[in-house]
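Nothing in this text is a laboratory measurement; each read-out follows from the coordinates by a stated rule. As the structure is a computational prediction, the values presented were derived from the model and not from experiment. As a convention, Cβ positions derive from the backbone with ideal geometry for all residues, glycine included, and neighbour counts pool all protein chains shown.
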Amino acid sequence: MLRTLAAALLLANLLFFAWAQGWFGALPRASEREPERVAAQVRPESVTVLPAKAASAAVSAARAAAAVCLEAGPFIETGIAAAEAALAPAQLAEGRWARESVWPPPAWLVYTGSVADAASRRAREAELRKYKLAFETLDSPAALAPGLVLSRHATQAQAEAALAALAGQTIKGLRVVALPAPPPQLWLRVAHADGPTQARLRALPGAALAGGFRPCAARPPPG
């Protein structure tokens, strides 16, 4: 009985030794035991292992490509300092944001002239209604008020054309005038906000930042 058991153990050891030596075929490696992973690869030839420095540069380039322009505003001169102080929690590095001044477009008016007394004003309004012309009251600036405006235009040429179209109607005093330029609007702009910066900017309190940061609007260059 013992001889039989010993012989069986010896035979089992010999078989294991032969299997371990690969006499029955190559042993499967741990990385080859899941061939479905290899089969699932998509274009493995396109995968390139980069050195650490090159990999860091590639990550930085990808972040820069994903960056967007964000802005908050508009603000007036007396409120811009408080808005800039509200940026502190975003921990933006120096030079990452800028203050931008945007001048509103000019306005040109087809204007009746100043009508100081109430009786003259009523008479002028009646005259415009007779010609079925829409108008609005101009209460500022002081140099032009009180007066009546028939139309507003972005350019002097457009206003002059609108005035010429009224040439057949005998309305006295009509002329083209320019409204005084209003003060510029001020904006806080982050031209290149990556993902983490976007999250920090959008987490800032909107009440202190004219509603908070949003994508930059396209504006024509000044002048």
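Working note: Karplus 6.51/-1.76/1.60 with θ = phi - 60° gives the stretch 157-167 the couplings 4, 5, 5, 5, 5, 5, 5, 5, 5, 9, 4 Hz, where Gly and Pro are set to x.
At 0.36 nm per residue, and after removing the present C-alpha to C-alpha distance, how many nm does the segment from Ala164 to Ala217 gain when stretched out fully?
Numbers: separation 53, 0.36 × 53 = 19.08 nm, distance 3.52 nm.
Full-extension gain reported as 15.6 nm.
By its C-alpha gyration tensor, with a ≥ b ≥ c as the square roots of the eigenvalues, how is the stretch 108-178 shaped: rounded for a/c under 1.5, else prolate for a/b larger than b/c, else oblate? Judged from the Cα gyration tensor, the stretch 108-178 comes out oblate (a/c at least 1.5, b/c at or above a/b). Taking label positions 7 Å along the Cα-Cβ direction at both Glu136 and Ala191, the computed distance is 3.5 nm, reported to one decimal.
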